[in-house]
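The values are calculated or read from the model by the stated rules, or taken from the named source; none is laboratory data. The model shown is predicted, which means the values in this text are computed figures rather than measured ones. In this analysis, Cβ positions are derived from the backbone assuming ideal geometry, glycine residues included, and neighbour counts consider all displayed protein chains. Please note that ligands, DNA and RNA were not included when accessible areas were found on the heavy atoms of the full protein model with its side chains. Shrake-Rupley method; radii C 1.70, N 1.55, O 1.52, S 1.80 Å.
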Amino acid sequence: MIKEIVDFFYSFKNKTIESDILVLEYGEQIKKYANMIINKQLDKEYEENYLTILGYSLRLEDIKQRIFFTFQEAVYAIDLDKLMKNEDSMKLNSIVYILVLNTLINEFKGLEIDKELYSKALDIYRQMEERKSKENQKYHIYQY
């Protein structure tokens, strides 16, 4: 299953695909992969990573931009994992990005979205940004 997902993302290397086309032509395939992940309960194992990426994508207001940029990030991440031969990261990225894309595609299609899930994702993303900001501030102080 992971190899199938990796190959799916990797097939878009050096290509740009608009959100509408992604949803229309590949939405069902993404949903199929997401259901396979959920059935194997891998969504629970990678929940924090999923919420982090979902929160990161939610910073964009437009759903089409969320889908487009999240998909491009997924393709880039898988490409980098392949180049580095990082199997663990490839597994994590393929699972997390499929789950996030499935969530965003459901929103795009007007399906019910879990407001609590979105709120939790944004909170996790904000916490991550605050930690990063504190780290940057620490290094900034040493520059003087």
Apply the Karplus curve 6.51 cos²θ - 1.76 cosθ + 1.60, θ = phi - 60°, to the phi angles in region 128-133 and return the couplings in whole Hz, x for Gly and Pro.
5, 5, 5, 4, 5, 5
Restricting to Cα pairs below 8 Å that are 6+ residues apart, what does the relative contact order work out to for the chain? Please round to a whole percent.
35 percent
Where does the charge balance sit around residue 91 when Lys and Arg score +1, Asp and Glu -1, over other residues with C-beta under 14 Å from its C-beta?
-3
Residue 45 - accessible surface, heavy atoms, 1.4 Å probe, Å² rounded to 10:
120 Å²
For the chain, accessible area per residue (1.4 Å probe, heavy atoms of protein chains only), Å²:
63 Å²
Helix 19-39 against the longest principal axis of the chain: what's the angle in degrees, Cα atoms only, rounded to the nearest 10?
90 degrees
Taking the 0 to 90 degree range and rounding to the nearest ten, how far is the long axis of helix 87-108 tilted relative to the main principal axis of the chain, both from C-alpha atoms?
70 degrees
Tell me what the chain gives for mean residue ellipticity at 222 nm when only DSSP H runs of n ≥ 4 count, each as -39,500 (n - 2.57), the sum divided by the residue total, rounded to 500 deg cm²/dmol.
-27000 deg cm²/dmol
Roll a 1.4 Å probe over the protein heavy atoms and report the accessible area of residue 128 in Å², nearest 10.
60 Å²
Rounded to the nearest 10 Å², what accessible area does residue 69 have for a 1.4 Å probe in the complete protein model?
90 Å²
Under 27 Å Cα to Cα from residue 15, which lysines show up? Leave out anything in the same chain fewer than 8 places away.
3, 31, 32, 64, 82, 85, 91, 109
On the accessible surface of the chain, probed at 1.4 Å with all protein chains in place, carbon and sulfur together account for a percent value of 50 percent
